[in-house]
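Worksheet: the structure to be examined is printed underneath.
Quick note: the coordinates plus some simple rules give every number you see, no bench work behind them. Remember, predicted model here, so these are calculated numbers, not experimental data. In this analysis, Cβ positions are derived from the backbone assuming ideal geometry, glycine residues included, and neighbour counts consider all displayed protein chains.
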Amino acid sequence: MNIGFIGVGGMAQAIIGGLLQAKAFLPEDIIVHSHRQESYEPYATQHHLMAAPTNAAVVTESDLVVLAVTPNVAPAVLTEIKDQLADGQTTLISIVAGLSLDAMAQLVGPNVPILRTLPNVNVEIGAGMTAVAANAQLTGGKLTSALGVFGAIGTTTELAEDQFGVFSALAGSSPAYVDLFIDSLSRAGVKYGLTKQQATQIAAQATLGSAKMILKSDKIPFALIDQVASPGGSTVAGLLAMEEAGLMTAVVKGIDATVAKDNANSH
Ligand SMILES: NC(=O)C1=CN([C@@H]2O[C@H](COP(=O)(O)OP(=O)(O)OC[C@H]3O[C@@H](n4cnc5c(N)ncnc54)[C@H](O)[C@@H]3O)[C@@H](O)[C@H]2O)C=CC1
Ligand SMILES: O=C(O)[C@@H]1CCC=N1
């Protein structure tokens, strides 16, 4: 089984890094091509991957092909590789935000098995959160293989396509928002005399532990707050000050803006 990548930007590199770390694919079974030869060739050489000369060649060489280009060029790339996909032998896996199964089928034809996914960058360390939706052509062993790609590098969840927008905000974009939160905690630590490195390590480890607690607990996060906020203590003072500054409203507004932009870009 081999896997090709069309587009070798930030997200493709995160997936490839995760797959190599998980030993889900051998380096020589990973084929890459993207727009700029000067960036994908050195990347392929560095990681001992196969570099293909064209997008069409990636499809011809691959059992699974991951479309990892930005949404604005995805339709043109799908049109470019349509003939190589037409026999339905290669499974198309898209990670393109906002691009529906129907829109893809209209571009590549009705026989192609397609898995629409929305991974997040944490796949790079095997801790991804990926939404998946398969079309009717993707069944049996082909479906198992396609799902296995993301199962090897994190958690997957089957999702109705009309929920991909909110998923993209809560899982696809949220690593950036959590990074902002951790950096804000860390900056506050610097304000009180910690080094940035110390403060970041402390804030990141505390955030990781809290996420693990939430996943393990049968309580909602709001209930866990009360476990931390001692009566008359410092945490409740901090919580009230954060709320006065509008933390929850700011987060929900951020998600509203993310979902609105995803909707505007979707087809
Ligand atoms: N960055 C993230 O955390 C996530 C990104 N995505 C999706 O992943 C896709 C890629 O995003 P990024 O990696 O962030 O973008 P990027 O800009 O880092 O990578 C895009 C890649 O596509 C290549 N490319 C452009 N035109 C091409 C063409 N005609 N043929 C072949 N390759 C071409 C570029 O050279 C580059 O390697 C997007 O569709 C995005 O919606 C989905 C989930 C998370
Ligand atoms: O920013 C973006 O458009 C993509 C979708 C989810 C994460 N990154």
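In summary, the lysines within cross-link reach of LYS23, defined as a Cα separation below 21 angstrom excluding same-chain residues under 8 places away, comprise LYS142.
In the chain, helical runs assigned H by DSSP with n ≥ 4 each contribute -39500 (n - 2.57); averaged across all residues and rounded to the nearest 500, the mean residue ellipticity at 222 nm is -16500 deg cm²/dmol.
Per-residue packing, averaged as other Cβ atoms within 10 Å, sorts the ranges 247-256, 202-211, 3-12 into the order 3-12, 202-211, 247-256, beginning with the highest. All C-alpha pair distances within the chain, sorted into 10 Å bins from zero, spread as 6, 26, 31, 20, 12, 5, 0 percent across the bins.
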